[in-house]
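The values are calculated or read from the model by the stated rules, or taken from the named source; none is laboratory data. Note that the structure is predicted; figures quoted are calculated from it, not measured. Cβ sites come from the backbone with ideal geometry, for glycine too, and all protein chains shown count toward neighbours. The area values use the complete protein model at the heavy-atom level, side chains included, leaving out ligands, DNA and RNA. Shrake-Rupley method; radii C 1.70, N 1.55, O 1.52, S 1.80 Å.
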Amino acid sequence: MLQEESDLSLVIAQIVQKLKGSNLYAQLERQAWASLQRPEIKLESLKEDIKEFFKTSGWEKKLQNAVYSELSVFPLPSHPAAPPEHLKEPLVYMRKAQGSWEKRILKSLNSMCTELSIPLARKRPAGEQKELLNKWNEMGTDEPDLSLFRPVYAPKDFLEVLINLRNPNYENGDSLSFRTHLGLIQVPLKVKDIPELKEFFVELGLTTGQLGIDDSTQVPPELFENEHVRIGQKVLLEQDSAAAQQYIRQGSPTALRAELWALILNISSHPEDILYYEQLKTNVIQHDLLVDSLIYKDVKLTASNDDYYFVFEDYLYQVLLCFSRDTSVLAHFAYNSASPPKSYIRGKLGMEEYAVFYPPNGVIPFHGFSMYVAPLCFLYHEPSRLYQIFREMYVRFFFRLHSISSHPSGIVSLCLLFETLLQTYLPQLFYHLREIGAQPLRISFKWMVRAFSGYLATDQLLLLWDRILGYNSLEILAVLAAAVFAFRAVNLMEVTSLAAAEAVLADLSTLKVMPLLQIFLFATVT
């Protein structure tokens, strides 16, 4: 009990410390001073009166949302004496694997620099700055020669690293367990089984109304939708992040989704946010970074060729180029197992006082990175707001899909959860695919790394991302990947090669997300 209380007081102290540096804190302070002029504020009951004023004026709700937002990304509880690297990732072998993976990425980036004789960063000449400013809203028309640039890494390279991951303290001996024999992921992490997933995703049950299901038996779909929209409007009126997160577990009505996501992520449009975005834009215009070419290349290879997203090409450049300059993203490395790469000012190699983070946000884009932004373009049409939403989605969720960690929403746990679900509930299919050299994870990995962006139809993808936000967890990605295999199981049992298995699962654009998840979780005999 005492331990719980001290843990709680530690969490409170850390959140208070974090909020003290925020814009909200300054606003609350100003409001408190201004309220002293009000006649209902009495000196003898000053504290209670100011609390009451905050409550009635809506500032208390804003503070609650900010605290809730901090709790959403707060690291899992650990010992107060734990060193900072333990907060990033408690398992030493995971930290080492992440460290050596980062060295590989950096080596790839540096060798590209050397081969192409291009600096990591340079100041643009005045003429080039002016030209870029003039075509800021139509960068997609630009056709720079990017043939010599290559993505620093692709998901399949990352998968090979995860397959080779081992816990040095874990010795199976000669009698390897059945599961260890079968799956590609060989690390012992605790993942949920179907009964635990049913409990966790209880609102997705067959008896609960869902958006994304056309033939609910309990209530006619139109009745449920109308009522759900009415409740959604009420949630938005209340401006309560926690209520919005609970509400969205049953899916978000299309018309309310943009506002609901912004409320859950605690994003509000202040003039200073627009100003901050403009500053990032100025940084892009003044300096040219090597990662800019990687971003251009990635957008050209992925989103520009996508039937749903090619129209948003200009938005993607704007958001991703600004993202690469945003040093506020560095704060998420406190709870991310990764560390931002460092570079040195020319001629000062190895001298720590001349070290700078490169790129400034600490995130090197990989093949497919732009697909994290593309679906958001359907919801937000104002660049600074689109940017804020993407940045918050990244520091809450997406970073976990390309860093090695033991977190339940980390990519290693998702891979293990996917393999465990298939082995446990579809053993014949798993064994068949393994025997023909078509390990299921080799097919599903790319879906999970991209959070299914670019694979599902957009309306279905947004229904899936509703649930990621609603449950504050990425585990649903692994469940959906297993559900897709279950849905195509009959065809997959007949294939005889990896290429044939990939062909069966090549097109997911016709799939309906919610029926697949419900059938796999709640209608499968366990």
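Table for the structure above
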read-out	value
Residues of region 283-312 classified as in a helix (DSSP H, G or I) and within 18 Å of Thr327 (Cβ to Cβ), total	8
Inter-residue pairs, beta-carbon under 6 Å, first farther than 17 Å from Leu204 by Cβ and free of Cβ contacts under 8 Å to residues at least 24 places away in the same chain and in region 238-254, second open to solvent by less than 40 Å² (accessible area, probe 1.4 Å) and in a helix (DSSP H, G or I), 6+ apart	Ala243/Val235; Ala244/Val235; Ala244/Leu260; Ala244/Leu263; Ala244/Ile264
Condition met for Thr254 (more than 24 Å from the chain's Cα centre (by Cα), modelled with pLDDT of 90 or more and of a type outside the set (Gly, Ala, Ser))	no
Matching residues in region 484-521 - criterion: being touching a Ser or Thr at 6+ places or on another chain (Cβ under 9 Å) and not aromatic (Phe, Trp, Tyr)	Val484, Ala486, Leu505
Residue tally, condition in a loop (DSSP other than H, G, I, E, B) and open to solvent by 40 Å² or more (accessible area, probe 1.4 Å), over region 498-516	5
Residue that is farthest from Thr302 (Cα to Cα) [pool: residues in region 445-471 that are in a loop (DSSP other than H, G, I, E, B) and within 10 Å of the chain's Cα centre (by Cα)]	Ala451
Residue match in region 258-267 (condition: more than 20 Å from the chain's Cα centre (by Cα), buried (at least 17 other Cβ atoms within 10 Å of the Cβ) and closer than 30 Å to Pro360 by Cα)	no
Matching helices (runs of 4 or more DSSP H) fully within region 146-230 where at least 3 residues are modelled with pLDDT of 80 or more	155-163, 194-200
Single match in Glu131, Glu143 (criterion: surrounded by 12 or more Cβ atoms within 10 Å (Cβ to Cβ), among the acidic types (Asp, Glu) and farther than 22 Å from Pro360 by Cβ)	Glu131
Residue identified as at pLDDT 70 or above and either farther than 17 Å from Ser241 by Cα or open to solvent by 50 Å² or more (accessible area, probe 1.4 Å) (or both) among Glu70, Glu44, Glu102	Glu102
Where Ile519 falls short, out of the listed (1) free of Cβ contacts under 8 Å to residues at least 24 places away in the same chain; (2) under 26 Å from the mean Cα position of the chain (by Cα); (3) part of a helix (DSSP H, G or I)	(1)
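Let's see how each residue does on (1) surrounded by fewer than 17 Cβ atoms within 10 Å (Cβ to Cβ); (2) among the small types (Gly, Ala, Ser):
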{"position": "Tyr277", "(1), (2)": "no, no"}
{"position": "Gln286", "(1), (2)": "yes, no"}
{"position": "Val299", "(1), (2)": "no, no"}
{"position": "Leu316", "(1), (2)": "no, no"}
{"position": "Phe323", "(1), (2)": "no, no"}
{"position": "Ala331", "(1), (2)": "yes, yes"}
{"position": "Ser337", "(1), (2)": "no, yes"}
{"position": "Lys342", "(1), (2)": "yes, no"}
